[in-house]
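Written out below as structure tokens is the structure these notes cover.
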Amino acid sequence: MARQLHLGGFQIASHVTHSHAAWRHPASDPAFLTPEYYHRIGRILERGKFDFVFFADLLSVPTRFGDDIDESLRRGTQASATLDPSIVAASIGAVTSRLGIAITKSTTYFHPFELARILSSLDHVTRGRIAWNIVTSLSQSEALNFGHDEHLEHDLRYVRAQEFVETAVELWQSWGPDALVQDKESGVFADPARIRVVDRASEHFRTRGPLPTPRSPQGRPVLIQAGASNRGKDFAARWAEAIFEIDPTPEGRRAYYDDVKSRAENFGRRPEDVKIFPSFIPFVGETESIAREKQAFHNDLADPISGLITLSVHTDHDFSQYDLDKPVEDVTVGGTQGLFDVARRLSERDNLTLRDIGKLYAQGVLLPQFVGTASDIADQIEEGFTGGEADGYILSAASSPGTFNDFVDFVVPELQRRGLFRREYTGSTLREHLELPADPFAPATAPPAAAAAG
């Protein structure tokens, strides 16, 4: 069988995703606080045979831009109002049967025992469809919400993340596959010989275990990451089974693909077990001119200040202090270094001002926009998929649920016609959708010495 494309749908349990214009778009449903909003999106993506819906998350109302929350709330920027994605995931799981569901949880502000139990429970109630997007968090405002005066330094966050994931994996392994017996006749509920105490103590975490949740259908959730810095890419290459990427240029996406696949091999992993997913926003029209009109209408709704508020959150750097009509300055940022590097690269290449970058950021956090007929967009996807950019793509919406509907109704059939994408699900778990190893613990329990430093 020919190599198959994978597809995910991007969400935040919120009124916006990458597009800050989305909540103002007349085609967007404003009912983001209701379960029906997410049920509708989940059903659309499952109808399109998507691998998963992906929920990003932040843990504070934005404050970094000008040290104030007023503008972020007034403008409705990313993270100004959100729900907990784990609750939304359970709700979507109840009304779908095949769609995978990925949620974001931070290794900086949670404990491995708590998170391992939440994710294992979700994997049970969805019958094996859960993924964990591993993040180290971004900003000082998140630290303040958890009682810390300062956010951890970038490299230290990854040291903590390494210990966190190792601890969570040990907890998921604490129940053997056949440990739950439930033999009513003999009265044996579980076999203690197949359940082990963890007794893990590292620099940042201590837990006794075992996890009180029996082993879930996938053994552990699919692990997702979005490493963009050198340290982040090493971490992703070491742990991630799917990687979310943002780069607006084909050459940047190809370089990232080659880099991370090579790093995965250095960690003793098969490159095909690390699926890389660039993200994009599609504008689909019956003709190219109609699609361009849709794009222009959306982009005109994007406000540069909203974009700079979110850039400040993502980089943990206050961009309110700079002249909007000058190029982006080369500064040291404490948050997401990879996204800032992309912004700097675009500014230099295209002679863009900070205001221009803010506008682009508000239009979609620097995501590329694929514009045209269904065939045009399928061409762009196929070119990247066969040209060394991607194993799949994550679709982000300009309006919700309209963007998802248009893509599923028009682009997915074209991808299926070309033999690039499934017509029906062939498995039931997310691990099966992504063609990942059935035994997820095999590559994670005995990493090369270099991986341990990840």
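State the number of residues belonging to the stretch 319-342 that are open to solvent by less than 70 Å² (accessible area, probe 1.4 Å), closer than 16 Å to Ser229 by Cβ and part of a loop (DSSP other than H, G, I, E, B).
5
Mind checking which residues of the stretch 394-424 are more than 25 Å from Arg3 (Cβ to Cβ) and in contact with an Asp or Glu (Cβ under 7 Å, 6 or more places away or on another chain)?
Ser400, Pro401
For the stretch 29-56, how many residues meet the condition of being closer than 22 Å to Phe410 by Cβ, open to solvent by 10 Å² or more (accessible area, probe 1.4 Å) and free of Cβ contacts under 8 Å to residues at least 60 places away in the same chain?
Final tally of qualifying residues: 2.
Mind checking whether some residue in the stretch 291-298 is surrounded by 19 or more Cβ atoms within 10 Å (Cβ to Cβ) and basic (Lys, Arg)?
Yes - at least one qualifying residue is present in the stretch 291-298.
Do we find a residue being assigned to a strand (DSSP E or B), over 25 Å from Thr136 (Cβ atoms), small (Gly, Ala, Ser) and out of contact with any helix residue (DSSP H, G or I) (no Cβ under 9 Å at 6 or more places or on another chain) anywhere in the stretch 181-199?
Checking the stretch 181-199: at least one residue is assigned to a strand (DSSP E or B), over 25 Å from Thr136 (Cβ atoms), small (Gly, Ala, Ser) and out of contact with any helix residue (DSSP H, G or I) (no Cβ under 9 Å at 6 or more places or on another chain).
For (1) open to solvent by 40 Å² or more (accessible area, probe 1.4 Å); (2) under 30 Å from Gly93 (Cβ atoms); (3) at pLDDT 95 or above, each residue gets a yes or a no:
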position	(1), (2), (3)
Asp391	no, yes, yes
Ser399	no, yes, yes
Thr403	no, yes, yes
Asp406	yes, yes, yes
Arg418	yes, no, yes
Thr426	yes, yes, yes
Ala442	yes, yes, no
Ala451	no, no, no
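All but one of (1) at pLDDT 95 or above; (2) farther than 30 Å from Asp247 by Cα; (3) under 28 Å from the mean Cα position of the chain (by Cα); (4) not polar (S, T, N, Q) hold for His204; state the number of the condition that does not hold.
(1)
If the requirement is being over 23 Å from Leu33 (Cβ atoms) and either surrounded by 21 or more Cβ atoms within 10 Å (Cβ to Cβ) or modelled with pLDDT under 95 (or both), which of these qualifies: Leu59, Leu138, Leu122?
Leu138
Would you say Phe164 is open to solvent by 10 Å² or more (accessible area, probe 1.4 Å) and touching a residue at least 12 places away in the same chain (Cβ under 8 Å)?
no
The values are calculated or read from the model by the stated rules, or taken from the named source; none is laboratory data. This is a predicted model, so every value here is computed, not measured. Every residue, glycine among them, receives a Cβ derived from its backbone with ideal geometry; neighbour counts consider all protein chains shown. Please note that ligands, DNA and RNA were not included when accessible areas were found on the heavy atoms of the full protein model with its side chains. Shrake-Rupley method; radii C 1.70, N 1.55, O 1.52, S 1.80 Å.
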